[in-house]
1. Taking the stretch B:210-229, which residues are farther than 17 Å from B:Arg188 by Cα and under 12 Å from the mean Cα position of the chain (by Cα)?
2. Across the stretch A:139-161, what is the total count of residues that are part of a helix (DSSP H, G or I), more than 7 Å from chain B (Cβ to nearest Cβ) and open to solvent by 10 Å² or more (accessible area, probe 1.4 Å)?
3. Any residue in the stretch B:114-140 that is on the phi < 0 side of the Ramachandran plot sitting within a Cβ distance under 8 Å of a residue that is assigned to a loop (DSSP other than H, G, I, E, B) and of a type in the set (Asp, Glu)? List the pairs, counting only those 6 or more apart or interchain.
4. What are the pairs with Cβ atoms under 7 angstrom where one residue, in the stretch B:167-180, is more than 10 Å from chain A (Cβ to nearest Cβ) and the other, located anywhere, is open to solvent by less than 20 Å² (accessible area, probe 1.4 Å) and assigned to a helix (DSSP H, G or I)? Sequence gap at least six, or different chains.
5. Output the number of residues of the stretch B:108-117 satisfying the condition of being open to solvent by 20 Å² or more (accessible area, probe 1.4 Å) and within 8 Å of chain A (Cβ to nearest Cβ).
6. Can you find a residue in the stretch A:82-90 that is crowded, with 20+ Cβ neighbours inside 10 Å and either touching a residue at least 40 places away in the same chain (Cβ under 8 Å) or out of contact with any helix residue (DSSP H, G or I) (no Cβ under 7 Å at 6 or more places or on another chain) (or both)?
7. Out of (1) at the interface with chain A (Cβ under 7 Å from one of its Cβ atoms); (2) modelled with pLDDT under 95; (3) over 17 Å from the mean Cα position of the chain (by Cα), the odd one out for B:Gly132 is which?
Protein chains: 2
Amino acid sequence: MENFADRLTARTRELGHPLCVGLDPYLLQIPPRFHGVSESDTALNFFSEFLSVAGDRIAIVKPQISLFERMGIPGLEVLQKLIEQAKALGLLVLLGAKRGDIGETARGYAEAYLSPNGFLDVDAVTVNPYMGLDAVEPFVELAQSNGKGVVVLVRNGNPGSDAFQLLESNGQYLFEVVAESLVRFEERLMGNAGWSSLAVTVSARSPEDSVRIRKKLPRSLFLVLGYGAQGGDATSSTAGLRRGKQGFEGGVVNSSRGVLYPSEPGFNSWESAIENALMKAIQGLKQAHG
Amino acid sequence: MENFADRLTARTRELGHPLCVGLDPYLLQIPPRFHGVSESDTALNFFSEFLSVAGDRIAIVKPQISLFERMGIPGLEVLQKLIEQAKALGLLVLLGAKRGDIGETARGYAEAYLSPNGFLDVDAVTVNPYMGLDAVEPFVELAQSNGKGVVVLVRNGNPGSDAFQLLESNGQYLFEVVAESLVRFEERLMGNAGWSSLAVTVSARSPEDSVRIRKKLPRSLFLVLGYGAQGGDATSSTAGLRRGKQGFEGGVVNSSRGVLYPSEPGFNSWESAIENALMKAIQGLKQAHG
């Protein structure tokens, strides 16, 4: 069975870039033409159209469960539909959920997201490590048996994350200690294309930290957060990735608002504005690769 | 408006004990008489009956969203019903969700759980601090405007949590640094009964850590995890609480499996087994108070 890392690597090599687009329903920014009878309806209209337009240009999308959960059961039903649509288009789906719990409770989440017939059957899910490795273990187990991926929060880009992630202990930052502890999972989830289905978050805003994490985890995929609207440029976003023949490898670079809700004026249709935003995000990454 | 801390304190004083019961649907342990046509149906039958039997003996219940989410949309619908039922019985509801995210995404969760008309409108929710205080802030904001509570993970009792929570930095453990950073939220959420609607998790298995946290956060409520089946006795569970006239104050002591799925033999009905388990958990806390 091809695992998550193999599927992702094959697809990003084919496309020549590692762009991931975050599916974040900011309802106030969705153009009026998509507005439906309810918030969840609006989100469905908008993202369905987005997936049709962009589906063959990217390898992976990252819906953010929180913003669907905010809309209640109808929102979660829309999320289910969008995940199905994305998979039908050949896209990989990484669920932004940042779950973290232990024992049976963590297993509950893992079964919901990483099992065929699970509530939201996706390719990978983000996980929070504050409660330790036994909070990550149930996800790794299911990832291993079902060819899925696990993305552990290691380094984040929001200003507040420095307070804890940059605490120093024995000459290492907390995020480095967390990264180092994940080596065992990197090994367990190794694929055939040179990369592990264990992934970690890194921030486009701190490329030097990405390099430090890469030293600890040479084979883990990176989920680079904050490219585009959140201030990271293509060079700093790709600091921990590997320069492969067909573009960057070893991770994906996520942009959400920059692609979904482009602010550049002068386009006479939503499609052309989106095409332009997508193209710019992709070209940025290709140029950084050189 | 009475805030979460005031409502909780009034109710635990009335009852004379701080027991909280975790509503964790371990389907294999639910007695056959409750089995329905589906897993979610079974969970509904079981917890509805539990709430009817136990509702006037405890102040607060803590459903664990993960185990409902595992059952998909029907599971979440059951969770909605149980929350309504618990509130109708006058119980407070603390949602075990351990969410942690930033900005709009954290706000999405906060609106889902801490808003009237939210997806799951509860009295308080657990939050993960790994991403920093800006991951907690949106919950505190809504708690402040809506009289709700926020429970931040500080110290956990699972063996793996020591790896990060006990990292030392400048002579302090990580969990102490986290606790200290929360003082500002403790102040913002102060109620009238002497306690704040800012709460933190502590472990029944490390009473000395609870005492350390109490020094940092004199007015925060404690959610003590691991009483009963998970190995914590009543004395170590109440280490950081205050000996009030009418029982312990300043937190709740959670038991899930020990009360829900009692293993003591010799009872000829489920009701009497549950009554006995509840009584023992409550008596244990009352005796520790003396």
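1. Here is the first cut: in the stretch B:210-229, the ones farther than 17 Å from B:Arg188 by Cα are B:210-215, B:223-229.
Scanning the stretch B:210-229 gives B:Leu223, B:Val224, B:Leu225, B:Gly226, B:Tyr227.
2. Summing the residues that are part of a helix (DSSP H, G or I), more than 7 Å from chain B (Cβ to nearest Cβ) and open to solvent by 10 Å² or more (accessible area, probe 1.4 Å) in the stretch A:139-161 gives 5.
3. Listed pairs, sorted by first residue: B:Leu114/B:Asp121; B:Ser115/B:Asp121; B:Met131/B:Asp101; B:Ala135/B:Asp101.
4. B:Ala179/B:Ile213
5. Qualifying residue count for the region: 1.
6. Looking through the stretch A:82-90, at least one residue is crowded, with 20+ Cβ neighbours inside 10 Å and either touching a residue at least 40 places away in the same chain (Cβ under 8 Å) or out of contact with any helix residue (DSSP H, G or I) (no Cβ under 7 Å at 6 or more places or on another chain) (or both).
7. It fails just one condition, (2).
Listed here are the residues, each with its yes/no results for (1) open to solvent by less than 50 Å² (accessible area, probe 1.4 Å); (2) aliphatic (A, V, I, L, M).
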residue	(1), (2)
A:Thr9	yes, no
A:Glu14	no, no
A:Cys20	yes, no
A:Asp24	yes, no
A:Pro32	no, no
A:Ala59	yes, yes
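The values are calculated or read from the model by the stated rules, or taken from the named source; none is laboratory data. Model, not experiment: these values are computed from the prediction. So basically every Cβ, Gly included, is an ideal-geometry build from the backbone, and we count neighbours across all protein chains shown. Just so you know, the surface numbers come from the protein's heavy atoms only, side chains and all, with ligands and any DNA or RNA stripped out. Shrake-Rupley method; radii C 1.70, N 1.55, O 1.52, S 1.80 Å.
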